[in-house]
Amino acid sequence: MQPADLVSGVGGLLRVRLDLAYDGSGFSGWAAQPGRRTVQGVLEEALGRVLRIDPPRVTVAGRTDAGVHARGQVCHVDVPATAWAAAPGRSDRPPAVALLRRLAGVLPADVRVHGVAEAPPGFDARFSAVWRRYRYRVADTPYGADPLLRSFVLWHDRPLDVDAMNAAAAGLLGEHDFAAYCRPREGATTIRELRVLTWERTADGLAVATIEADAFCHNQVRAMIGALLLVGDGRRPVEWPATVLAAGRRDPAVVVIPPHGLTLESVGYPPDAELAARARAARNVRTLR
């Protein structure tokens, strides 16, 4: 991976930002894995093909697990400036437009790149990001989820009290060590700042959670939603999710719910002048203030 403060064109490379969406149903997650179909693997292969280079390595804002979807995923890729300039071929399209159209022709239908642009100096898709926003969609009707939405909506077979889930979610907001809701990874911190966690009833009757944080650790979103569903259907009191958080260790009652109800909706970045500084700060190991 190139340094976060790479200036476009230096050393013959140019950093490109890609915005994309995908249906995670047919993927073993984002990250490339030998012998498995992944979003990263499919995207890198397509980029290599249309730019006529060895498949380049892409860096993503947030790795998604197997079965998780995305509407607003962001990644960057460093490509030879000559390959970028050659992307239009004989057409008079700008390179960004040409690459967008050519990717549409080779990517499978469950992955779409909907934005291509030269990245501003200092941009790093992962470390420059200041927030990630997810939504989890749940149907609690007695007959199940709409068949046309079944790949994107979890069916919960008990009625849910959205007000109770919102009250419980308030106890998780702020900067905490979320070890109780994360699958630990060696050398990685579980300290995160949870900025938004709210539930609403949509017009079609779904219970939809919106979750936003500076970053998320492995399984954090699905574990928190799993805990809140237990409050929503009356099996746990409102105070229980915050009690689990304070205990600092996994509670056997907290279940990591299925991935198909979860979608990465968008990723936020600071103004261009602050991108490099944000990327440097994000690399520091976090501790609770």
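The values are calculated or read from the model by the stated rules, or taken from the named source; none is laboratory data. Just so we're clear, the structure is a prediction, and the values are computed from it rather than from any experiment. Every residue, glycine as well, gets a Cβ built from its backbone with ideal geometry; the counts of neighbours run over all protein chains shown. Heavy atoms of the whole protein, side chains included, go into the accessibility calculation; ligands, DNA and RNA do not. Shrake-Rupley method; radii C 1.70, N 1.55, O 1.52, S 1.80 Å.
Inside segment 27-43, residues that are at positive phi and buried (at least 19 other Cβ atoms within 10 Å of the Cβ) make up a count of 1. Considering the conditions (1) open to solvent by 40 Å² or more (accessible area, probe 1.4 Å); (2) touching an Asp or Glu at 6+ places or on another chain (Cβ under 7 Å), G72 is excluded by exactly one of them, (1).
Count of segment 82-105 residues, restricted to those that are crowded, with 16+ Cβ neighbours inside 10 Å and aliphatic (A, V, I, L, M), is 7.
Quick grid of which residues meet (1) crowded, with 17+ Cβ neighbours inside 10 Å; (2) under 20 Å from the mean Cα position of the chain (by Cα); (3) closer than 30 Å to P147 by Cα:
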{"position": "R183", "(1), (2), (3)": "no, yes, no"}
{"position": "E193", "(1), (2), (3)": "no, yes, no"}
{"position": "V221", "(1), (2), (3)": "yes, yes, yes"}
{"position": "L230", "(1), (2), (3)": "yes, no, yes"}
{"position": "H260", "(1), (2), (3)": "yes, yes, yes"}
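Residues considered: T198, T189. Of these, the only one that is hydroxyl-bearing (S, T, Y) and either assigned to a loop (DSSP other than H, G, I, E, B) or in contact (Cβ under 8 Å) with a residue 40 or more places away in the chain (or both) is T189.
E200 meets all of the listed conditions (1) open to solvent by less than 70 Å² (accessible area, probe 1.4 Å); (2) touching a helix residue (DSSP H, G or I) at 6+ places or on another chain (Cβ under 9 Å) but one, namely (1). Beta carbons closer than 7 Å, at least 6 apart along the sequence or on distinct chains, pair a first residue in segment 21-47 that is closer than 21 Å to Y136 by Cβ and charged (D, E, K, R) with a second that is crowded, with 19+ Cβ neighbours inside 10 Å and modelled with pLDDT of 95 or more for D23/H69.
Considering segment 278-289, the residues that are assigned to a loop (DSSP other than H, G, I, E, B) and aliphatic (A, V, I, L, M) include one that is modelled with the lowest pLDDT, namely V285.
Please enumerate the residues belonging to segment 126-152 that are under 13 Å from the mean Cα position of the chain (by Cα) and either at pLDDT below 95 or open to solvent by 60 Å² or more (accessible area, probe 1.4 Å) (or both). Scanning segment 126-152 gives R126, R133, R135.
When A167 is tested against (1) among the small types (G, A, S); (2) in contact (Cβ under 8 Å) with a residue 24 or more places away in the chain; (3) touching a strand residue (DSSP E or B) at 6+ places or on another chain (Cβ under 9 Å), exactly one condition is not met: (3).
Pairing residues of segment 238-258 that are over 15 Å from D177 (Cβ atoms) and among the small types (G, A, S) with residues that are part of a helix (DSSP H, G or I) and at pLDDT below 90, at Cβ distances under 8 Å and at least 6 apart in sequence or on separate chains, gives no pairs at all. Tell me whether segment 235-256 contains one or more residues that are part of a loop (DSSP other than H, G, I, E, B), open to solvent by less than 20 Å² (accessible area, probe 1.4 Å) and within 21 Å of A61 (Cα to Cα). No, there is no match, as no residue in segment 235-256 is part of a loop (DSSP other than H, G, I, E, B), open to solvent by less than 20 Å² (accessible area, probe 1.4 Å) and within 21 Å of A61 (Cα to Cα).
Screening P159, P121 for residues that are open to solvent by 40 Å² or more (accessible area, probe 1.4 Å), in a loop (DSSP other than H, G, I, E, B), closer than 30 Å to G48 by Cβ and touching a residue at least 24 places away in the same chain (Cβ under 8 Å) leaves exactly one candidate, P121.
Scanning segment 264-277 for residues that are part of a strand (DSSP E or B) and either touching a Ser or Thr at 6+ places or on another chain (Cβ under 9 Å) or at pLDDT below 95 (or both) turns up L264, E265.
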